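Q: Below is one structure. I have some questions about it.
The values are calculated or read from the model by the stated rules, or taken from the named source; none is laboratory data. Since this is a predicted model, take the numbers as computed values, not measurements. Methodologically, a virtual Cβ is constructed for each residue, glycine included, from the backbone with ideal geometry; neighbour enumeration extends over all protein chains shown.
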Amino acid sequence: MRAFTYSRAEAVTHAAEQTRDGARLIAGGTNLLDLMKLEIERPDELVDINRLELGTIDEQDGGLRIGALVTNSACAADERIRRDYPVLARAILAGATFQLRNKATTGGNLCQRTRCYYFYNRDQPCNKREPGSGCSALGGFNRIHAILGASESCIATYPGDMAVALAALDAKVEIAAVDGSIRSVPVRAFHRLPGDTPERDNVLEPGEVITAVVLPSPAGGAQLYRKVRDRASYAFALVSIACVLGMEDGRISHASLAFGGLAHKPWHDERVDALLLGREPSDALFDEAADVLLADARGYGANDFKIPMTKRVLKAVLREATGENA
Amino acid sequence: MTRSLTMDEPDERNRLDAMAQGVIGKPLDRPEGPLKVSGSATYAAEYRYKIPGCVEGVLVTATIARGEVTLLDESSVRDLPGFIAVISDERMIARPAQGGAGESPVRKVREVQYYGQPIALVVAETFEQARHAAKHLKVEYREEPDALVDPADERATFEPFEDPTIQGDLEGSMRQAAHAVDVIYTTEGHNSAAMEPHASIAQWDGETLTLYSSLQMLRFNRKELADALGIEPEKVHLLSPYVGGGFGSKLGISPEGVAAAVAAIRLGRPVRVVMLRQQVFQCVMRRSETRQRLRLAADAEGRLIGFGHEAWVSNLPEEEFAEPVLQASEFLYPGENRVLDLQLARVHRVTAGSVRAPGEAVGMQALEAAMDELAEASGIDPVELRLRNIPERHPSEDIPYSSRKLEECLRSGAERFGWDKGPRRPCQRREGEWWIGSGMATATRVHNLNEAHARVTLRGDGTAEVASDMTDIGTGTYAVLGQIAAEMLGLDPAAVDVKLGDTAFPPGSGSGGSWGASSTGSAVFEACEGIREELARKLGCAEAGLTLKDGHAVSGNRKVPLADLLEGRDVEEIGHFKPGKIAEAFAAAMYGAFFTEVAVNAYSGEVRIRRFTGAFSLGRVLNEKTATSQCMGGMVWGIGSALTEDLVFDPRDGHIVNPDLAEYHLPVNLDVPHLDVLLVEERDPAGSPLQSKGVGELGICGAAGAIANAIYNACGVRPRSFPITPDKLLPGLPEV
């Protein structure tokens, strides 16, 4: 681990200034510290934002504003979240471990970096870690890698669970700048596809700080989070699906689906939601939805199975959400 | 005084059952438990805080599979904060020692034989500084292209590792058989992944080295270190009082210990070297992947007439170890027509060595899965098939079995589990999204013994001390050795201090091969026999007439407190146990049976273990609690082997792709249901003078087979490839 300076931010604008000048922010540190030990992250300055007043969940415009420093545990346990946004509580609880969730924060979790094996190994080429060095996963072991939206530069996935639920809920990320101004970015647009700049995970710019995630007013309906993984806990998703779905008069009145483990970002496909809307649930419809979702899916060898797995698990989720029997 | 006991024939005396204290076998807590759970048991790396001036070393490891180090550029790190030295010395070792080697493993650190091989040590003032400098040391290589890193590579050549067993005409019996199975199973590499990483602190006093280290077999490790360093074993003082798991990976010395010793002598300061978790994976040892062909030929009643088990495994050049996959296949099942053949390929991957239950751990799971296929082919209940295949005589050698309670384990395990003997067909039971099924397997593991010494001192105050360089790697050795001495000397176990893990004490057996308790325990037993004779002499009676209980010596109508009898003087004996001819005279093994119920998700192929019962016969149980815990631990390993553990090697350079606990998937709590362990009462006079056998490994041996069989029964898919991850089940699952 390289030497670094450590300071505490007293105000959001102060933290923003520091990131403009190259500092990294630390909240829970559950991912950043691991990466620093491996020297994948090499900040000269670390700014601790834990004393900023961003640790509350407040009602706002019929929805909820979750402060960036609300821990995953606190968020998943919040009565309002559990009642009105159960998909979010379920997604959070499907991730990591008790111990990690007690430290991990809402803002930090959005910035979690990929778990690509080659990104984590400094002795192997990786375009995300070292732009231009190449992608080792393409010709290597790529069982956990992307099947949607990947590029020849990078086939890594975004590994988190919480953001997949936030994408299904169409939440927004509240971001503050150095001058105190705020911009709002939909979670669905917060993470990027790798393209030829996979070193950038998301749209956060230097000089910006995530201050909150804002949930719209409750959508109701069935809210499911389904995560398929190699062991029952403490494993990243092979495939995960967040589903918010309402029914009226035997037809789907609202559908919002997001997928984890498939892409460099929580995957949301408008066409899938649109296809389902207004239709009567049926296996044929669910198959059609999977076909739309996976039309451009591509496996890289060891992850080919994710295509049929996604199709099957999507059917399970839609059957459950619409009350069709398993 | 030293008393020797060489076991050339069964020990029918059953001395322990004749003792009066009544503590042997009792489920006593481990005496060191409170220290461990309160963080006050000192593990190797923690001695640093008691050693002033200790500096830190971090290993530098190769980033090529094969070649030569041509440059270690010290100038690239010299100006980094805290930097002290780069050390790459001809004494340093490039690999761990195999278990029981007693000599240095391959040195030649600049000659790279596998990706991840240690090539140098960087020393700095703090651990963080050393790790940083180790990462940034500029290294140049002359790389040999196209190193063979994958045993599946068509260039890999397999050669017999030992003389194969070939009896009768297996092919002919396969043709004649009423029911036959000819299948290939594969298992992937495993890593021991002990919680405590390999760590050593070296401190020299003149020509004497003190090494605090995390090791399993000190009497061998001392010789290995001395050989590597070119000094006499007597000049090496090893301390391993607590070991945070070994599972074979600490049987022999590993590269960090020698590196610490070399650095400490070069720098004239104590040096600590702790392996990074990634290094524990990449430069200690793996269990070899295996490919196994099983041919089972049975008559109409399901009795085996032909038995073939061939296995292909790999290791580095120069290593004398090949995963002994066929070890149990030699004796478990009948079949006069036999082929047992173990083939080894040399590949440039990290050393393959002993990982908990080498051989049976992977051999039994494939064999027992194949037996399930035979049960299906013959329409015979899997339990019944096994009952029909308990051979009367060893199928290849003219030796008898020692005590063998396999039938009792099969029957009592089946009863406890509630095994349904009815016809078996897959995909018969569904609960919601889940296919439910059951499966079973036999467990067996060869019984091993090893030479051991232990010193027992009955102190003048009527308390006792047991001392040996034997280790406790989390198995309960402290508890068990204390219990043996307490039983033999008529003491409350709390009055017996057990001191372990220090080469200043008499050399014990070490922990490995499940032999620790029976071997070192027999040395303790023999020392106590000597003390009993001395007490009888003091009391003026024959030893046969002496009863020791609750700190008193009793003979006839006399009852004397031990402290009075001893008159303040200690009585000390060293017990020396040697396995002798017994090891060759019997086929001695532990047996058991696994029964499990699993659920397979019809959509995703995820597997959940719902119930898991194991019935085991292990000879005399010395401590019911620690024995049960060992069996449970083994069953957890079985779950890992069945479902999740997969050491992945990059096909291009042989580096381990998943060298950490996030991506090498051990079972976590949620993967493990309540484990139901049933210990079947047994005494095995050929097992040891204690009539005990090995405990530490049996719980794995076959466990994954039971799970695979239950998966098939649940959902109708047999991937024949472990671990059975969801992706392997998906293609065969019924449409949804």
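Q: Taking region B:154-190, which residues are over 27 Å from B:E397 (Cα atoms), part of a loop (DSSP other than H, G, I, E, B) and in contact (Cβ under 8 Å) with a residue 12 or more places away in the chain?
A: Within region B:154-190, B:A156, B:T157, B:E188 qualify.
Q: Which members of region A:128-140 meet the condition of being within 13 Å of chain B (Cβ to nearest Cβ) and surrounded by fewer than 21 Cβ atoms within 10 Å (Cβ to Cβ)?
A: Selection gives A:G134, A:L138, A:G139.
Q: In region B:57-85, what count of residues is obtained for those that are touching a Pro at 6+ places or on another chain (Cβ under 6 Å) and of a type in the set (V, I, T)?
A: Residues in region B:57-85 being touching a Pro at 6+ places or on another chain (Cβ under 6 Å) and of a type in the set (V, I, T): 1 in total.
Q: Something else: Under 8 Å between Cβ atoms, which residue pairs at least 6 apart in sequence (or on different chains) link something in region B:64-84 that is within 14 Å of chain A (Cβ to nearest Cβ) with a partner that is surrounded by fewer than 15 Cβ atoms within 10 Å (Cβ to Cβ) and among the polar types (S, T, N, Q)?
A: From residues that are within 14 Å of chain A (Cβ to nearest Cβ), the pairs are B:G82/B:T126.
Q: Here are some residues: A:R229, A:R251. Which one is within 18 Å of the chain's Cα centre (by Cα) and without any contact (Cβ under 8 Å) to a residue 40 or more places away in the chain?
A: Working: A:R251 fails: within 18 Å of the chain's Cα centre (by Cα).
Only one candidate passes the filter, namely A:R229.
Q: Scan region B:437-454 and give yes if some residue there is over 27 Å from the mean Cα position of the chain (by Cα), outside any strand (DSSP E or B) and more than 30 Å from B:K235 (Cβ to Cβ), otherwise no.
A: Step one: of region B:437-454, the residues over 27 Å from the mean Cα position of the chain (by Cα) are B:437-438.
Adding the requirement that they be outside any strand (DSSP E or B) leaves none.
No: zero hits.
Q: While we're here: Looking at region B:10-25 only, could you name the residues that are closer than 28 Å to B:A587 by Cα and surrounded by 13 or more Cβ atoms within 10 Å (Cβ to Cβ)?
A: Let us first name the residues in region B:10-25 that are closer than 28 Å to B:A587 by Cα, namely B:10-18, B:24-25.
Across region B:10-25, the qualifying residues are B:P10, B:D11, B:N14, B:R15, B:L16, B:I24, B:G25.
Q: Another one. Got a sec? Which of A:D304, A:D283 is closer than 22 Å to A:E248 by Cβ and within 9 Å of another protein chain (Cβ to nearest Cβ)? Outline the logic, then answer.
A: On the way: A:D304 fails: closer than 22 Å to A:E248 by Cβ.
It is A:D283.
Q: For region A:85-108, indicate whether the set of residues that are closer than 30 Å to A:Q124 by Cα, surrounded by fewer than 17 Cβ atoms within 10 Å (Cβ to Cβ) and among the β-branched types (V, I, T) is non-empty.
A: Yes, the conditions are met somewhere in region A:85-108.
Q: Could you please find all residues in region B:620-640 being touching a strand residue (DSSP E or B) at 6+ places or on another chain (Cβ under 7 Å) and either among the aromatic types (F, W, Y) or within 14 Å of chain A (Cβ to nearest Cβ) (or both)?
A: B:I639
To keep it simple, each residue is scored yes or no on (1) charged (D, E, K, R); (2) within 25 Å of B:Y591 (Cα to Cα); (3) in the same structural domain as B:F616 (by TED's automatic domain parsing).
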position: B:P423; (1), (2), (3): no, no, yes
position: B:E433; (1), (2), (3): yes, no, yes
position: B:R459; (1), (2), (3): yes, no, no
position: B:T475; (1), (2), (3): no, yes, no
position: B:V480; (1), (2), (3): no, yes, no
position: B:A485; (1), (2), (3): no, no, no
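For (1) surrounded by fewer than 24 Cβ atoms within 10 Å (Cβ to Cβ); (2) over 19 Å from the mean Cα position of the chain (by Cα); (3) hydrophobic (A, V, I, L, M, F, W, C); (4) part of a loop (DSSP other than H, G, I, E, B), each residue gets a yes or a no:
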{"position": "A:I144", "(1), (2), (3), (4)": "no, no, yes, yes"}
{"position": "A:I147", "(1), (2), (3), (4)": "no, no, yes, yes"}
{"position": "A:E152", "(1), (2), (3), (4)": "yes, yes, no, yes"}
{"position": "A:I155", "(1), (2), (3), (4)": "no, no, yes, yes"}
{"position": "A:V164", "(1), (2), (3), (4)": "no, no, yes, no"}
{"position": "A:A167", "(1), (2), (3), (4)": "no, no, yes, no"}
{"position": "A:V173", "(1), (2), (3), (4)": "no, no, yes, no"}
{"position": "A:V185", "(1), (2), (3), (4)": "yes, no, yes, no"}
{"position": "A:A189", "(1), (2), (3), (4)": "yes, no, yes, no"}
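Q: Any idea which of B:G699, B:G654 is touching a Cys at 6+ places or on another chain (Cβ under 9 Å) and either within 14 Å of chain A (Cβ to nearest Cβ) or closer than 22 Å to B:T290 by Cβ (or both)?
A: Working: B:G654 fails: touching a Cys at 6+ places or on another chain (Cβ under 9 Å).
Being touching a Cys at 6+ places or on another chain (Cβ under 9 Å) and either within 14 Å of chain A (Cβ to nearest Cβ) or closer than 22 Å to B:T290 by Cβ (or both) holds for just one of B:G699, B:G654, which is B:G699.
Q: Let me ask something additional. How many residues, within region B:598-618, are part of a loop (DSSP other than H, G, I, E, B), within 12 Å of another protein chain (Cβ to nearest Cβ) and not aromatic (F, W, Y)? Talk me through it step by step, then tell me what you get.
A: Residues of region B:598-618 part of a loop (DSSP other than H, G, I, E, B): B:602-606, B:618.
Next, only the ones that are within 12 Å of another protein chain (Cβ to nearest Cβ) stay: B:602-606.
After this cut, where a residue has to be not aromatic (F, W, Y) as well, the list is B:602, B:604-606.
Qualifying residue count for the region: 4.
Q: With the requirement that a residue be crowded, with 18+ Cβ neighbours inside 10 Å and either part of a loop (DSSP other than H, G, I, E, B) or not β-branched (V, I, T) (or both), what does region B:108-124 give you?
A: Keep residues of region B:108-124 that are crowded, with 18+ Cβ neighbours inside 10 Å, which gives B:109-110, B:112-124.
The answer is B:V109, B:R110, B:Q113, B:Y114, B:Y115, B:G116, B:Q117, B:P118, B:A120, B:L121, B:A124.
Q: Return the residues of region B:394-429 that are closer than 18 Å to B:A708 by Cα and charged (D, E, K, R); say none if nothing qualifies.
A: Those that are closer than 18 Å to B:A708 by Cα and charged (D, E, K, R): B:D420, B:R424, B:R425, B:R429.
Q: Also, I was wondering about something else. Only one of B:V636, B:V648 is within 25 Å of B:F594 (Cα to Cα) and at pLDDT 95 or above; which?
A: Values: B:V648 fails: within 25 Å of B:F594 (Cα to Cα).
After applying the criteria, what remains is B:V636.
Q: Enumerate the pairs (first residue in region A:55-70 and among the polar types (S, T, N, Q); second residue anywhere and crowded, with 22+ Cβ neighbours inside 10 Å and part of a strand (DSSP E or B)) with beta-carbon separation below 6 Å, excluding pairs fewer than 6 apart on the same chain, so at least 6 apart or on different chains.
A: A:T56/A:G67
Q: For region A:24-53, which residues satisfy the criterion of being in a loop (DSSP other than H, G, I, E, B) and acidic (D, E)? Explain how you work it out, then say what you get.
A: We begin by selecting, within region A:24-53, every residue in a loop (DSSP other than H, G, I, E, B); these are A:27-31, A:38-44, A:49-53.
Within region A:24-53, A:E39, A:E41, A:D44, A:E53 qualify.
Q: Tell me, which residue of region A:228-247 that is farther than 17 Å from A:P308 by Cβ and part of a strand (DSSP E or B) is farthest from the other protein chains (Cβ to nearest Cβ)?
A: Filtering region A:228-247 down to residues farther than 17 Å from A:P308 by Cβ leaves A:231-236, A:242-247.
Add one more test, that the residue is part of a strand (DSSP E or B), and what stays is A:242-247.
Working: A:A242: 16, A:C243: 14, A:V244: 20, A:L245: 17, A:G246: 23, A:M247: 20 Å.
Once the filter is applied, the top-ranked residue is A:G246.
Q: Kindly provide the set of residues from region A:75-127 that are away from chain B (no Cβ under 14 Å) and either within 30 Å of B:A65 (Cβ to Cβ) or of a type in the set (V, I, T) (or both), ordered by number.
A: Of everything in region A:75-127, those that are away from chain B (no Cβ under 14 Å) and either within 30 Å of B:A65 (Cβ to Cβ) or of a type in the set (V, I, T) (or both) turn out to be A:I81, A:V87, A:I92, A:T105, A:T106, A:N127.
Q: With respect to B:G705, determine if the residue is part of a loop (DSSP other than H, G, I, E, B), away from every other protein chain (no Cβ under 11 Å) and under 26 Å from B:V325 (Cβ atoms). Step through it out loud before you land on a result.
A: On the way: part of a loop (DSSP other than H, G, I, E, B): no; away from every other protein chain (no Cβ under 11 Å): yes; under 26 Å from B:V325 (Cβ atoms): yes.
Here the answer is no, as B:G705 does not meet what is asked.
Q: Additional query: For region B:711-733, what are the residues that are in contact with a Ser or Thr (Cβ under 8 Å, 6 or more places away or on another chain), more than 12 Å from every other protein chain (Cβ to nearest Cβ) and not in a helix (DSSP H, G or I)?
A: B:R720, B:S721, B:F722
Q: Answer yes or no as to whether B:E567 is in contact (Cβ under 8 Å) with a residue 24 or more places away in the chain and more than 34 Å from the chain's Cα centre (by Cα).
A: Working: in contact (Cβ under 8 Å) with a residue 24 or more places away in the chain: yes; more than 34 Å from the chain's Cα centre (by Cα): yes.
For B:E567, the condition - in contact (Cβ under 8 Å) with a residue 24 or more places away in the chain and more than 34 Å from the chain's Cα centre (by Cα) - is met.
Q: Please pick out the residue among A:P206, A:P218 that is more than 29 Å from A:K315 (Cβ to Cβ) and either modelled with pLDDT of 95 or more or touching a Pro at 6+ places or on another chain (Cβ under 9 Å) (or both). Can you show your working first?
A: Numbers: A:P218 fails: more than 29 Å from A:K315 (Cβ to Cβ).
Selected residue: A:P206, the only one of A:P206, A:P218 that is more than 29 Å from A:K315 (Cβ to Cβ) and either modelled with pLDDT of 95 or more or touching a Pro at 6+ places or on another chain (Cβ under 9 Å) (or both).
Q: Among (1) part of a loop (DSSP other than H, G, I, E, B); (2) free of Cβ contacts under 8 Å to residues at least 12 places away in the same chain, which single condition is B:E415 missing?
A: The number of the failed condition is (1).
Q: Has region A:143-161 got any residue that is over 24 Å from A:A91 (Cβ atoms) and touching a helix residue (DSSP H, G or I) at 6+ places or on another chain (Cβ under 8 Å)?
A: No, there is no match, as no residue in region A:143-161 is over 24 Å from A:A91 (Cβ atoms) and touching a helix residue (DSSP H, G or I) at 6+ places or on another chain (Cβ under 8 Å).
Q: Restricting region A:311-326 to residues that are more than 10 Å from every other protein chain (Cβ to nearest Cβ) and touching a residue at least 60 places away in the same chain (Cβ under 8 Å), which is farthest from A:C135 (Cα to Cα)? Show your work before the answer.
A: Pass one, region A:311-326, residues more than 10 Å from every other protein chain (Cβ to nearest Cβ): A:318, A:321-324.
This time we only want the ones that are touching a residue at least 60 places away in the same chain (Cβ under 8 Å), so: A:318, A:321-323.
Numbers: A:L318: 35, A:A321: 38, A:T322: 41, A:G323: 43 Å.
Only one residue fits best here, namely A:G323.
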